Structure formats: structure tokens, C-alpha cells
Amino acid sequence: MTPELHQKLTEWRRHLHAHPELSLQEKATAAFVQEKLTELGIPFEAGIGGHGIVATLTRGSAQSRVGLRADMDALPITEDTGLAYASTNPGVMHACGHDGHTASLLGAAALLVADSSWSGSVDFIFQPAEEGYGGSRAMVAAGLFERFPMDRVFGFHNWPGLAAGTIAVHDGVVMASGGRVTITIEGHAGHAGMPHLTRDPVMAAGHLIVAMQSIVSRSVDPLDAAVLSLCTIEGGTAPNQIAGKVVIRGTLRHHRNAVKDIIVGRIGEICAGIATSFDVKVTPDIVMGVGVVINTPEEAGFARMAADKARAQLTRDLAPSMAGEDFAFYLQQRPGAFVWIGNGELRAGAELHGPRYDFNDAILPVASTWMAEVAKTALSAN
């Protein structure tokens, strides 16, 4: 990693930061990536699972094949950084660092183009729609592993609060599985001064929210990881009318399917009880999203070896996160590992998905070098 390449990656990253695109809309981002791959002389295929791109670099005669992945989409968040390269797309922001992930993968490609010491094939996966829109699933459905038969797959996420450039490699679980919870409560609307003629869904919602908080604290083993957060509530249009319907939305997270089954079962039981108690109709709808991100043992070992070769600080003692990551879907198809690379100090409002977040350009050399080295390490193992 030369200072010149670091500077180029920084410029690319800041361009992407200034021009964020939402999930399923990454047309200009994909065009930018294709332009840089063309400059690097790496052939690619575009339009995979939406705006997805896979570039392939082959060297020597070895038949082994490795995938490296970065996500490209941004979030519907209004940026509040005041940076010179802040988002020029109102209400859309790279608040999770996918601009940095994309630039880092381009950097890894540049490093491997210039390195003649390895043999095999590396597939660079530029994925759209990670933020809850099934980008990994769409790429797999489009034949990712049939068209590009990689043996293993690796990726990373930047991690605010972890020292800049430190690489965290977990044994086993890395990040949680998540699901979206929607609970609809239907009552009977009427005059607020005559509540006895109504069936009040707002009051039922209040009791339901309190009861739901007992699930994790009283139904799940304290040694298991679980989250049930009810985050929005909508109902009513007038202060003197009891509403006819309330909709509550939230998320559940877990590391084990048995825990998910407990939570889902208790949600159903509580909804049924609230319906009986308040004479309302309560309908829960739970849609499970990404699975649990679980590193496979051999590939976690490769990830640690690559961290050492990249001369990065390595940690193995961080607890898994309850955040989700659709890299899980790749790991259901192939062995692999997903690591965290420290983004530096955690500042208020600059957390992941925060309005003052920014990817730390100082970690681009570590991220790109680690990706290049983990590809070489995995290829040499075959």
C-alpha cells in the first residue's frame, strides 16, 4: 500500500460518500465501480441481483477460488457532519461506511493486480441492497456461486469504538439474526367523551408494549442473547376521538434459533391475551430477515493469519453484536469469515447509522491489505 494508492482510495471513498444511493438504486455507484475496475484492467460482470457486480482476477494455474465482498448502498438519513464531501443527495447518507467498504475492496483489487506472488482466482463481489433489502440473497439467486464457483468468501465491516485499524476476528457467532415485527390492533373508534361505546386500541397498545418487555427479561435464559425492541407506534388522527386502529412496529434479534422460537411464541400468546382482555383484534406479523453471521473455524484462522500479515493489531475477545448483516446468507452457502476493522473513537451521533458518522480514511490501507492477504492465504491453503 503506497501513499499514492492510499490517496487515490481516499478520493474514491469521498466521491462515493458525496453521492450516496439507497438500496436498489445504486446505479451511479455501480457505474463508478465499473469505471475503476476498467482502469485496473479487471474484467467484470454487472447487473447481478440488481446493481451487483462481480470482478474476477485470475493468476497462475491453481484452481482454488476465493470471494471478497463489499456492500455499496446508503441509508435514508440526513447527514449532519459538515464535511466538505458531505452527501449531495438530500436525505440520503453513507451512515454505515459502505462507501469505505467499496473503496477498500477496490484497493484490494489494486494490490492483487500488482502482486505476482499468488495463484488462483479472486472474485470481488460488489453487493447492492444490504440495508434490509436482500442484496446477498438476490445475488445468490442470480447464480453467484454457480457462475463464480468460489470455495470460500470473506468480508468486513468497519467498527466505531474499536481502535482504528484493529481487526476483530470472532470464533463462531459474529452478528445476530433479525426479524421485523408488526402488530396491528383493531378496535372500535368513537367519541373520546364516551369511551364506553368504543373499544380502545391505544390503551390496549400501552398494555401490550409493557407486556412485550417481559419476554426477554422473563422468558429467555439470561445467558442467551436476545433483543425485542418496539420502535414505532401509529394510531389516531384527532385528540378528541378514540382511534380505531393502532400499528406497532419493531425488531427482534437473536443468536440461536431456539431463542427466536421462544420470542415468537410469547409474542403470539401476549397478543392473544391482550385481544381477550380489551375486546380488540390483535394481529402479529413477524418476517424474519438475515440469518446469524457465523464464522467457520478454518476461515476464521485464515482471517487471523491475514491480520498478522497485514501487520494489524488483532483482537479475539469482543462479544458478538446484536446488529444484523446479510453476509450471513453467503455463509449459509460457503465457508467463510466476517471481521470487524476498527474505525476509531466512538463519538456521540457518529455511531453506525448516526447522522454524524464518517468512515475513517486512515483505515483504508489496513482494510485493503487485509482483504488482499486473506484471499492469498485462503488460496495458498488449497
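The values are calculated or read from the model by the stated rules, or taken from the named source; none is laboratory data. Remember, predicted model here, so these are calculated numbers, not experimental data. Cβ: placed from backbone, ideal geometry, glycine included. Neighbour counts: every protein chain shown. When the accessible area is computed, the model is the full protein with side chains, heavy atoms only, and any ligands, DNA or RNA have been set aside. Shrake-Rupley method; radii C 1.70, N 1.55, O 1.52, S 1.80 Å.
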Share of the chain's accessible area from carbon and sulfur, percent, 1.4 Å?
53
Per-residue HN-Hα couplings for the stretch 367-373 [Karplus 6.51, -1.76, 1.60; θ = phi - 60°; Hz; x = Gly/Pro]
4, 5, 5, 4, 5, 5, 5
Report the full-extension gain for the segment ASP308 to LYS281: residue separation times 0.36 nm, less the Cα-Cα distance, to one decimal in nm.
3.9 nm
Which number do you get for Rg(Cα) / (2.2 N^0.38 Å) in the chain?
1.11
DSSP beta bridge pairing in the chain, given as percent antiparallel to the nearest 5
65
Give the angle, between 0 and 90 degrees and rounded to the nearest 10, that separates the Cα long axis of helix 257-278 from the longest principal axis of the Cα atoms of the chain.
20
What's the local net charge at THR58, with K and R +1, D and E -1, over the other residues with C-beta under 15 Å away?
0
Cα-based reach from LYS8 at 19 Å (exclusive), listing lysines while leaving out same-chain residues under 8 positions away:
LYS36
Can you list the HN-Hα couplings for the stretch 99-114, worked out from phi with the Karplus curve (6.51, -1.76, 1.60; θ = phi - 60°), rounded to whole Hz and with x for Gly and Pro?
4, x, 4, 5, 4, 5, 5, 4, x, 4, 4, 4, 5, 6, 4, 8
Placed amide H near GLY236: partners under 5 Å, 5+ positions off or other chain
GLY244, LYS245
Once the piece of chain linking ILE209 and ASN382 is laid out straight, how much longer is it, given 0.36 nm per residue of separation minus the C-alpha distance between them?
57.0 nm
Can you tally the net charge around PRO335? Count Lys and Arg as +1, Asp and Glu as -1, for every other residue whose Cβ sits under 9 Å from the Cβ of PRO335.
-1
Counting only residues 5 or more apart in sequence or on a different chain, those whose built amide H sits under 5 Å from that of CYS96 are HIS353
Relative contact order of the chain: what whole-number percent is it, with Cα pairs under 8 angstrom and at least 6 residues apart?
25
The FRET efficiency for SER61 and HIS353, from their Cβ-Cβ distance with R0 = 51 Å and rounded to 0.05, is 0.70
Could you work out the percent of alpha carbon pairs in the stretch 312-382 separated by over 19 Å, rounded to a whole number?
53
Per-residue counts of other Cβ atoms within 10 Å, averaged by peptide: what ranking do you get for 80-93, 144-157, 179-192, 127-140, highest first?
127-140, 144-157, 179-192, 80-93
What length, rounded to one decimal in nm, is gained on full extension from THR182 through to HIS6, with 0.36 nm per residue of separation minus their alpha-carbon distance?
58.9 nm
Using a 7 Å offset from Cα along Cα-Cβ at ALA163, what residues in the stretch 319-346 end up with backbone N under 17 Å from the label point?
319, 340-346
Helix-only CD estimate at 222 nm, as mean residue ellipticity for the chain, using -39500 (n - 2.57) per DSSP H run (n ≥ 4):
-10500 deg cm²/dmol
Per residue, how much accessible area does the chain show when a 1.4 Å probe rolls over the protein heavy atoms, in square angstrom?
42
Inter-part distance where the stretch 68-97 and the stretch 255-303 are each reduced to a Cα centre, Å:
30
In order through the stretch 36-48: 3J(HN,Hα) via Karplus (6.51 cos²θ - 1.76 cosθ + 1.60), integer Hz, x for Gly, Pro
6, 5, 5, 4, 7, x, 9, x, 8, 10, 10, x, 9
Post the alpha-carbon centroid distance, the stretch 1-23 to the stretch 214-241, in whole angstrom.
40
Non-local amide H neighbours of ALA323 (under 5 Å, H modeled in plane, Pro and chain starts lacking H): which ones?
ALA176
Kindly work out what percent of the DSSP beta bridges joining two residues of the stretch 48-154 are antiparallel, to the nearest 5.
45
